[in-house]
Amino acid sequence: MTDVRDPQAPKGRPTPKRSEAQAQRRAVAKPPVSRKDAAKRAKEARRAALAKQREALVSGDERYLPVRDRGPVRRFARDFVDSRWHVAEYFLPIAVAILILSMMPSLQAKNIALMLWMGVILMIIFDSVISSRRLKRALRERHPDENHKGATAYALMRTLQMRRMRLPKPQIKRGETPR
């Protein structure tokens, strides 16, 4: 036997009465009974959102990234930094080596450590200036209508992190052109 649909109800069922619809919404929503329950639900919701953000930082999923990492300009800045070698990303290992050299009893080793320290700082400054100029030019070409505010500082802070420690994780390899 075939079921013939009522022409007045093309969705296959009658429209519920307002009281039924409201009762159904209340049953689904289930407002918290006490303040403690409301706080517990809010805490669980924050935990779930933070878990999604952490997962997005690893996977690079643009929808769940923190606000500071979202958008095409920030993505381009990340890719721009990740596509090149930077002196600043080796700052921590170099600083450890300089620290060890400066703790040596030899005056010559301490002088070498001091010169190395000054050389590394100068190279980081030089690399940062050149990188920021190149990034600004590339942003003006690729994203002329977007807001570029903070993108250069964001990129320079990213250069200070070692590549494997960066979050969001690098999406391109070194030598590739940024998207």
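Of note:
- Pairs from the list LYS17/LYS40; LYS136/LYS169; LYS36/LYS169 with a Cα-Cα gap above 27 Å: LYS17/LYS40; LYS36/LYS169.
- Scaling against 2.2 N^0.38 Å puts the C-alpha radius of gyration of segment 11-65 at 1.78.
- Among HIS86, HIS148, the sequence by solvent-accessible area, most first, with a 1.4 Å probe is HIS148, HIS86.
- Nearest-10 value in Å² for the accessible area of GLU55, using the 1.4 Å probe: 130
- The share of alpha-carbon pairs in segment 86-179 lying farther apart than 24 Å comes to 36%.
- Bins of 10 Å, starting at 0 and running to the largest distance - Cα pair percent for segment 93-143: 25, 32, 19, 15, 8, 1
- Our summary gives the chain a relative contact order of 31 percent, counting only alpha carbon pairs under 8 angstrom and 6 or more residues apart.
- Kyte-Doolittle mean at least 0.0 and Cα axial length at least 24 Å: DSSP H helices in the chain: 107-142
- Cα pair distances in the chain, grouped into 5 Å bins until the bin that holds the longest one, percent each: 1, 7, 10, 11, 10, 9, 8, 7, 7, 7, 6, 5, 3, 2, 2, 1, 1, 1, 0, 0, 0
- Extended-chain gain in nm, criterion 0.36 nm per residue less alpha-carbon gap, ARG54 and GLU141: 28.2 nm
- Gaussian network model of the chain, springs between alpha carbon atoms under 10 Å - residue of GLY119, GLY12, GLY150 with greatest fluctuation: GLY12
- Packing order of peptides 70-76, 121-127, highest average first: 70-76, 121-127 (average count of other Cβ atoms within 10 Å over each peptide's residues).
- Normalising the Debye intensity of segment 45-96 to I(0), with uniform scatterers on Cα atoms only, and taking log10 at q = 0.25, 0.27, 0.31 Å⁻¹ returns -0.91, -0.97, -1.10.
- The simple spin-label model puts a point 7 Å past each Cα toward its Cβ; for VAL96 and ARG63 those points are separated by 3.9 nm.
The values are calculated or read from the model by the stated rules, or taken from the named source; none is laboratory data. Model, not experiment: these values are computed from the prediction. Using ideal geometry, Cβ is built from the backbone for each residue, glycine included, and neighbour counts are taken over all protein chains shown. With ligands, DNA and RNA removed, areas are computed over all heavy atoms of the protein, side chains included. Shrake-Rupley method; radii C 1.70, N 1.55, O 1.52, S 1.80 Å.
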